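Asker: Just passing along the structure, written as structure tokens.
What follows is calculated from the coordinates using simple rules that are stated; it is not laboratory data. Bear in mind the structure is a predicted one, so any value in this text is a computation, not a measurement. Every residue, glycine as well, gets a Cβ built from its backbone with ideal geometry; the counts of neighbours run over all protein chains shown.
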Amino acid sequence: MSEELKYEILFKVKYPSDIRDMSIPELKTLCADIRKYMVDVISKIGGHFGGGLGATELTVALHKVFDTPHDKIIWDTGHQAYPHKILTGRKELLPTIRQLNGISGFLKRSESEYDAFGAGHASTSISAGLGIAIAQRYKEKKSKVISIIGDGAMTGGMAYEAMNNTGVQKADLIVVLNDNNMSIAPNVWQLSNYFNQLIAHPEYNRFKGYVWDLTGKLDNFGDRLRKIAGRLDRGLKAIVTPGMLFEALGFRYFGPINGHSVHHLVNIFEQVKTLNGPILIHILTEKGKGYKPAEKHTQRLHASTPFDKITGEAIKGGASAPSYTSIFGNALSEIADKNDKIIGITAAMPDGTGMDIFQKRHPDRYYDVGIAEEHAVTFAAGLATEGMIPVVAIYSTFIQRAIDQIIHDIALQKLHVVIVLDRGGLVGADGPTHHGSFDLSFLRFIPHIVIAAPKDEAELRNLIYTGVNYREGPFVVRYPRGNALGVEVKEGFEEIAIGKGEELVSGDDVALLAVGSMVDYSLKAAGMLKEEGISSAVYNMRFIKPLDETLLDEIAARFRKVITLEENSIVGGFGSGVTEYFADKKYKCDVLRIGLPDKFIDHGTQKELHELLEIDPKGITKKTIEFVKTS
């Protein structure tokens with residue numbers, strides 16, 4: 001059977017214009033086809049999955065009613081935008097999603113005119129939508145602007161800042177709150193509990209429908225009764241609905257609505273698209289809808305490696321070393337067994353950061369603050385003022401949101417907070433929105449901060465232990481995504497001297513100064529260089545701040561050629577710190593900095609990207625040979 005014959009309607013649709021004249025039954029069939037196609041494709045290649053299954057009817061209804069791309073749809077993060085990509089000319093490209101030279105797993109303006117705003121981080125859609133809506137005020141041919149935001153993203157304060165400003169501006173913006181009681185992990189949004197209770201309280205809609213039907217038959221007297229009923233309605237709505245919260249922010253509230261009824265969604269969008277001012281439509285959906293294994297999965301198969309279509313179970317690869325994430329989670333749990341001051345904090349990523357391990361072992365000392373990295377950091381600062389030892393585990397890409405809090409709330413006050421950055425360096429398929437490319441650069445300039453990058457899992461455990469026992473200010477531990485190296489891990493922990501590196505391999509021709517993941521690559525490159533007749537010394541510098549100045553002095557005295565290696569932007573990172581130190585000391589070494597180039601790096605596997613950028617052992621060897629041979 002050909003690919004197209006497996007689906008009833010899907011391959012008749014290339015762009016949204018192809019569905020504008022479809023009937024509701026046809027739209028339902030299209031939704032079923034989209035889900036089937038997503039399962040067929042993503043089961044083979046992996047990708048973000050559950051969010052798109054839950055947003056299928058929403059996506060179809062939006063493109064049915066609104067004149068996209070003239071009308072603008074802004075998706076929050078983009079995890080749920082796979083159906084949007086399928087309907088906007090990228091159906092045949094879906095098998096390339098998140099792969100080298102394939103389409104992005106998120107929204108990307110350069111990829112399609114239907115992607116009105118690019119986003120890989122949460123809570124941005126209302127702010128961006130407001131900006132677009134205000135811009136429409138200055139245009140003759142105005143567009144409708146629709147921002148989609150999930151209940152998980154509503155844990156981010158930026159969403160409320162945007163809503164408040166939208167209400168003040170009285171902007172023509174439609175916000176769709178896609179409420180599935182899940183973000184990535186089970187939601188920690190307090191309002192979600194309120195929303196769930198709402199479903200069990202039909203009194204509001206029954207009251208409103210009855211009074212409006214009755215008073216509509218009573219002419220002028222009925223109008224007066226409606227005004228009185230409106231006041232009662234608002235009071236009752238405040239008790240049994242979340243509407244008054246949004247209406248207090250200046251939005252007209254509609255909902256909650258069944259987000260899996262394409263008929264109801266089309267109707268509500270047709271009604272509100274003629275209205276002006278801020279509008280919020282609250283829809284209730286189920287993440288993973290329509291695919292049983294996803295519906296039963298604890299995280300609704302938010303993101304997945306290739307999996308079996310029938311069972312939903314991941315296709316297992318060969319045995320490998322444990323992940324850095326799990327090593328951190330287990331290490332922190334062990335340390336906390338003997339230290340009751342340790343508090344674990346995550347920002348809606350317990351599984352992704354290893355904090356789920358800590359949660360199971362120490363549930364009374366675990367906090368998930370939602371998608372609110374700024375709050376997580378300042379919350380930790382408050383804990384630290386009272387003698388607790390907060391350990392905040394956040395992806396490198398997301399800590400970018402809390403730079404001010406690290407500077408102002410932690411470092412300035414020299415508070416003892418341990419910040420653990422998972423996914424430092426290139427993360428692979430999630431691409432430029434998720435690469436941890438900049439953390440060493442934007443943390444290195446902060447006074448009173450210690451920044452360390454372990455060379456392997458054994459050193460990671462010891463650096464976590466060292467950070468917990470450090471008392472003089474913030475301590476950052478940064479490590480890569482993926483599996484560790486499989487080195488022997490001893491029981492117990494050892495403190496590591498702050499700001500001290502180590503020589504791993506002796507050499508005479510060139511010194512390789514590496515941090516983090518680049519230490520192992522440097523060791524492998526040293527072996528390849530030896531075959532080329534080049535004797536290279538390898539140093540595990542370990543600390544990006546403070547630098548091991550004593551060791552640097554020795555290296556500068558011994559070597560004319562020095563190479564720094566890091567999986568961080570070449571601008572302002574570890575290599576910059578070394579060259580600044582050498583310049584200040586007036587050392588005459590030739591320094592080559594190897595790291596990530598000064599650009600945003602696309603998606604692909606980590607191995608592919610390392611090879612492409614020539615920061616893998618082969619690339620390091622090539623660059624070193626060229627460097628050594630120059631005069």
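Asker: Cβ under 9 Å from PRO617's Cβ, PRO617 left aside: what net charge do those residues give with Lys, Arg +1 and Asp, Glu -1? Could the numbers behind the result be given before it?
Answerer: Working: positive: LYS524, LYS618; negative: ASP520, ASP616.
Charge balance in the 9 Å sphere: 0.
Asker: Can you give the convex hull volume of the alpha carbon atoms of the chain per residue, in Å³? Could the numbers behind the result be given before it?
Answerer: Values: hull volume 117.3 nm³, N = 631.
Spelled out: Cα convex hull of the chain, divided by residues, is 186 Å³.
Asker: Using Cα atoms only, what is the angle between the long axis of helix 457-469 and the major principal axis of the chain, expressed in degrees (0 to 90) to the nearest 10?
Answerer: 80 degrees
Asker: Past 23 Å, Cα to Cα, is the threshold; run LYS455/LYS545; LYS12/LYS292; LYS490/LYS545; LYS500/LYS530; LYS36/LYS85; LYS586/LYS622 against it and keep the listed order. Before the final figure, lay out the partial values.
Answerer: Details: LYS455/LYS545 15 Å; LYS12/LYS292 27 Å; LYS490/LYS545 26 Å; LYS500/LYS530 27 Å; LYS36/LYS85 15 Å; LYS586/LYS622 28 Å.
Violating the 23 Å Cα-Cα cut-off are LYS12/LYS292; LYS490/LYS545; LYS500/LYS530; LYS586/LYS622.
Asker: Where does each of 357-364, 338-345, 73-80 land if you order them by average Cβ count within 10 Å, highest first? The partial results should precede the final answer.
Answerer: On the way: 357-364: 16.5, 338-345: 18.2, 73-80: 27.8.
With the highest mean Cβ count within 10 Å placed first, the list reads 73-80, 338-345, 357-364.
Asker: A follow-up question, please. Let's see if you can work this out: charge +1 on each Lys and Arg Cβ, -1 on each Asp and Glu Cβ, no other charges. What is the dipole magnitude of the stretch 57-165 about its Cα centre, in debye to the nearest 20? Before the final figure, lay out each step's value.
Answerer: Working: 13 positive and 11 negative charges, 56 e Å.
Using Cβ point charges on Lys, Arg, Asp and Glu, the stretch 57-165 gives about 280 debye.
Asker: Here's a follow-up. Along the positive direction of the dipole of the stretch 77-171 (beta-carbon charges: Lys, Arg +1; Asp, Glu -1; about the Cα centre), which of ASN101, ALA153, GLY167 reaches farthest?
Answerer: GLY167
Asker: Straight distance only, please: which aspartates and glutamates reach the Cα of LYS607 with their own Cα at less than 15 Å, same-chain residues fewer than 8 apart left out?
Answerer: Straight-distance partners of LYS607: ASP430, ASP520, GLU567, ASP616.
Asker: Would the stretch 324-478 count as rounded, prolate or oblate if I go by the C-alpha gyration tensor, calling it rounded below 1.5 in a/c and otherwise prolate when a/b exceeds b/c, oblate otherwise?
Answerer: Values: a/c = 1.31, a/b = 1.08, b/c = 1.21.
Rounded, because the longest to shortest axis ratio a/c is under 1.5.
Asker: Could you work out the helix-only [θ] at 222 nm for the chain, with each DSSP H run of four or more residues adding -39,500 (n - 2.57) and the total divided by the number of residues, to the nearest 500 deg cm²/dmol?
Answerer: Counting only the DSSP helices, I get -11500 deg cm²/dmol.
Asker: Continuing with this model, one more query. Could you work out how much longer the chain between LYS142 and GLU495 gets when fully extended? Use 0.36 nm per residue separation minus the Cα distance between them, nm to one decimal. It would help to have the intermediate numbers written out before the result.
Answerer: On the way: separation 353, 0.36 × 353 = 127.08 nm, distance 6.24 nm.
Here the answer is 120.8 nm.
Asker: Rounded to the nearest 10 degrees, what's the angle between the helix 574-584 long axis and the longest principal axis of the chain, both from Cα atoms, 0 to 90?
Answerer: Here the helix axis deviates by roughly 50 degrees.
Asker: On C-alpha positions alone, give me the angle between the axis of helix 549-558 and the longest principal axis of the chain, in degrees, nearest 10.
Answerer: 50 degrees
Asker: Have a look at the DSSP beta bridges in the chain and tell me what percent are antiparallel, nearest 5.
Answerer: Values: 12 of 67 bridges.
Expressed as a percentage, antiparallel bridges in the chain total about 20.
Asker: Please get the size of the charge dipole for the chain, origin at its Cα centre, with Cβ charges of +1 on Lys and Arg and -1 on Asp and Glu, quoted in debye to the nearest 20. Spell out each step's value before the answer.
Answerer: Values: 73 positive and 78 negative charges, 369 e Å.
Its charge dipole is roughly 1780 debye.
Asker: Rounded to the nearest 20 Debye, what is the dipole magnitude of the stretch 324-478 about its Cα centre when Lys and Arg each give +1 and Asp and Glu each give -1 at the C-beta? Please list the in-between numbers first.
Answerer: Details: 13 positive and 19 negative charges, 62 e Å.
Using Cβ point charges on Lys, Arg, Asp and Glu, the stretch 324-478 gives about 300 debye.
Asker: Okay, moving on. All other residues with a Cβ under 12 Å from the Cβ of PRO278 taken together, and with Lys, Arg as +1 and Asp, Glu as -1, what is their net charge? Before the final figure, lay out the partial values.
Answerer: Numbers: positive: LYS170, ARG252; negative: ASP172, GLU247.
Taking every other residue near PRO278 into account, the sum is 0.
Asker: Leaving out same-chain residues fewer than 8 places away, which aspartates and glutamates sit with a Cα under 14 Å from that of LYS44?
Answerer: ASP308, GLU313
Asker: Rounded, prolate or oblate: pick one for the stretch 353-431, where a ≥ b ≥ c are the square roots of the eigenvalues of its C-alpha gyration tensor, a/c under 1.5 means rounded, and failing that, prolate if a/b is larger than b/c, else oblate. Working shown, then result.
Answerer: Working: a/c = 2.15, a/b = 1.18, b/c = 1.82.
Oblate, since a/c reaches 1.5 and b/c is not below a/b.
Asker: While we're here: May I ask which residue of VAL476, HIS362, VAL450 lies farthest towards the positive end of the charge dipole of the stretch 324-478, with charges of +1 (Lys, Arg) and -1 (Asp, Glu) on Cβ and the Cα centre as origin?
Answerer: So the residue we want is VAL450.
Asker: Ranked highest first by average number of other Cβ atoms within 10 Å, how do 145-151, 89-95 line up?
Answerer: 145-151, 89-95
Asker: For the peptides 440-452, 557-569, what is the packing order when you average, over each peptide's residues, the other Cβ atoms within 10 Å and list the highest mean first?
Answerer: Working: 440-452: 20.3, 557-569: 22.5.
Going from most to least packed, we get 557-569, 440-452.
Asker: Please state the shape class of the stretch 564-631: rounded when a/c is under 1.5, otherwise prolate if a/b exceeds b/c and oblate if not, all from the C-alpha gyration tensor. Let's see the in-between values first.
Answerer: Values: a/c = 3.27, a/b = 1.52, b/c = 2.16.
The shape class here is oblate.
Asker: What's the percent breakdown of Cα-Cα distances in the stretch 502-629 across 10 Å bins, shortest bin first?
Answerer: So the P(r) values, bin by bin, are 13, 48, 32, 6, 0.
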